[in-house]
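The values are calculated or read from the model by the stated rules, or taken from the named source; none is laboratory data. Only a predicted model underlies this, so the values are computations on that prediction, with no experimental measurement involved. Note that each Cβ is placed from the backbone with ideal geometry, even for glycine, and that neighbours are counted across all protein chains shown.
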Amino acid sequence: MLIEENKTLLPVTSVGHKALAYFKLLKFRLSFTVAFSSAIGFMLGKPGAPYWEIVLVFIGGLLVTGSANTINQILERNHDKFMKRTAKRPMPTGALSVPEAILFCVLTGVAGLVLLAYTFNILAAAFSLLSLVLYGFVYTPLKRISPICVFVGAIPGAMPPLIGWVAATGVLGVEAWILFGIQFIWQFPHFWAIAWVLDDDYKKAGFKMLPFEGGKNLKTAFQIMIYTLVLIPLSLLPLQFGMTGKTSALIAVVCGVLFLAQTFYLMRTCSKKAAMNIMFGSFLYLPIVQIAFVLDKVNL
């Protein structure tokens with residue numbers, strides 16, 4: 001079966017492959033997680049918000065994040081081919097050209113920013129743009145220069161719930177910064193656990209992600225433990241500021257203690273298995289705690 005495009009007959013399968021390549025540029029699972037955090041912040045800022053508003057803030061976050069991820073892949077296209085994890089991305093394989101990726105990046109980024117500005121407010125769109133710039137043009141090149149990239153990358157990574165709160169309220173209050181702080185601190189054990197597991201792959205591309213020379217050692221494990229420990233008191237701030245109730249605070253503390261326990265295993269063994277446990281633990285911690293916050297807010 002063939003379709004006509006600009007008077008050139010192309011197999012439907014090639015169109016499907018091209019569409020799949022564009023979809024891969026989004027890094028959908030990562031973009032979904034980021035957009036989910038935006039929706040969480042929005043629901044906390046505006047309890048009982050209509051579903052269509054929640055969906056729109058989610059879509060806006062998904063588009064802007066997808067644009068930032070595309071910038072990341074454009075800039076790293078010559079390095080991704082050296083890593084097993086990224087060698088089959090659209091840019092290294094030649095499935096998409098640089099101009100095609102740039103056009104996709106501009107369209108998704110502009111669409112997401114306009115959606116947030118028009119439907120909600122300029123402030124939410126401005127923070128989204130700042131997040132995109134920091135991730136795409138600051139964090140991405142820093143990955144091959146210094147481990148400080150993790151600190152820089154944690155800033156745009158922590159902005160989604162703040163953006164969601166601002167979209168809901170139009171105000172950058174202390175509540176927005178609390179949500180930002182929790183997600184900001186969470187990213188250090190999350191990032192470093194991933195970097196520990198993928199250290200050999202990252203070295204092939206020249207990425208410097210772990211905080212100390214030698215990388216996979218007790219110093220790094222101790223750093224991971226400290227940041228995970230800080231999460232526990234931070235997760236109680238929503239209760240202290242009346243954002244949520246006692247139930248979600250209890251859930252957050254329990255999750256934090258379980259998360260912390262995983263870091264002791266890493267400190268004891270400095271093993272890849274222990275780092276993987278922390279990596280998967282971090283994937284579970286954030287959505288569980290955030291969902292608990294929202295459900296508790298609804299019941300207040």
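Scan the stretch 155-179 for residues that are buried (at least 20 other Cβ atoms within 10 Å of the Cβ) and more than 14 Å from PHE42 (Cβ to Cβ) and report the count.
Residues flagged as buried (at least 20 other Cβ atoms within 10 Å of the Cβ) and more than 14 Å from PHE42 (Cβ to Cβ) within the stretch 155-179 amount to 4.
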Quiz prompt | The listed residue being farther than 17 Å from ALA176 by Cα, without any contact (Cβ under 8 Å) to a residue 24 or more places away in the chain, touching a Phe, Trp or Tyr at 6+ places or on another chain (Cβ under 6 Å) and outside any loop (DSSP other than H, G, I, E, B), out of VAL138, VAL152 | solution = VAL152
Exercise. Kindly list, by first and then second residue, each pair from a residue in the stretch 231-255 that is assigned by TED's automatic domain parsing to the domain that holds LEU295 and at pLDDT below 95 to a residue that is not in a helix (DSSP H, G or I) and not polar (S, T, N, Q), limited to pairs with Cβ atoms under 6 Å and residues at least 6 apart or on different chains.
Key: GLY245/LEU300
Exercise. Could you tell me which of the residues PHE222, PHE191, PHE207, PHE212 is buried (at least 20 other Cβ atoms within 10 Å of the Cβ) and either touching a Lys or Arg at 6+ places or on another chain (Cβ under 6 Å) or more than 19 Å from PRO141 (Cα to Cα) (or both)?
Key: PHE207
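Please tell me if SER271 is in the same structural domain as PHE191 (by TED's automatic domain parsing), over 18 Å from ILE185 (Cα atoms), of a type in the set (Ser, Thr, Tyr) and without any contact (Cβ under 8 Å) to a residue 12 or more places away in the chain.
Spelling it out, SER271 is indeed in the same structural domain as PHE191 (by TED's automatic domain parsing), over 18 Å from ILE185 (Cα atoms), of a type in the set (Ser, Thr, Tyr) and without any contact (Cβ under 8 Å) to a residue 12 or more places away in the chain.
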Exercise. Just one of (1) touching a residue at least 12 places away in the same chain (Cβ under 8 Å); (2) surrounded by fewer than 21 Cβ atoms within 10 Å (Cβ to Cβ) trips up LEU132, so point out which.
Key: (2)
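Somewhere in the stretch 125-147, is a residue of a type in the set (Val, Ile, Thr), in contact with a Ser or Thr (Cβ under 8 Å, 6 or more places away or on another chain) and not assigned by TED's automatic domain parsing to the domain that holds VAL197?
So far as the stretch 125-147 goes, no, none of its residues is of a type in the set (Val, Ile, Thr), in contact with a Ser or Thr (Cβ under 8 Å, 6 or more places away or on another chain) and not assigned by TED's automatic domain parsing to the domain that holds VAL197.
For every residue, the table says whether it meets (1) within 30 Å of PHE212 (Cα to Cα); (2) within 15 Å of the chain's Cα centre (by Cα).
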position	(1), (2)
ILE122	no, no
SER128	no, yes
VAL133	yes, yes
ARG144	yes, no
PRO147	yes, no
ILE155	yes, yes
GLY170	no, no
ALA176	no, no
LEU179	yes, yes
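Going residue by residue through the stretch 229-246, is there one that turns out to be over 24 Å from VAL174 (Cβ atoms) and crowded, with 19+ Cβ neighbours inside 10 Å? Let's see the steps before the verdict.
Of all residues in the stretch 229-246, those over 24 Å from VAL174 (Cβ atoms) come to none.
Scanning the stretch 229-246 turns up no residue that is over 24 Å from VAL174 (Cβ atoms) and crowded, with 19+ Cβ neighbours inside 10 Å.
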Quiz prompt | Listing of helices (runs of 4 or more DSSP H) fully contained in the stretch 49-110 that carry 2 or more residues being of a type in the set (Phe, Trp, Tyr) and either surrounded by 18 or more Cβ atoms within 10 Å (Cβ to Cβ) or assigned by TED's automatic domain parsing to the domain that holds SER31 (or both) | solution = 51-75
Quiz item: Quick check: is even one residue across the stretch 14-33 more than 16 Å from the chain's Cα centre (by Cα), modelled with pLDDT of 95 or more and in the same structural domain as PRO161 (by TED's automatic domain parsing)?
Solution: no
Practice problem: Would you mind telling me which numbered condition in (1) touching a His at 6+ places or on another chain (Cβ under 8 Å); (2) surrounded by 22 or more Cβ atoms within 10 Å (Cβ to Cβ); (3) aliphatic (A, V, I, L, M) MET279 fails? | Solution: (2)
Quiz item: What are the pairs, 6+ residues apart or on separate chains, where a residue within the stretch 165-188 that is within 10 Å of LEU231 (Cβ to Cβ) has its Cβ under 6 Å from a residue that is surrounded by 21 or more Cβ atoms within 10 Å (Cβ to Cβ) and basic (Lys, Arg)?
Solution: none
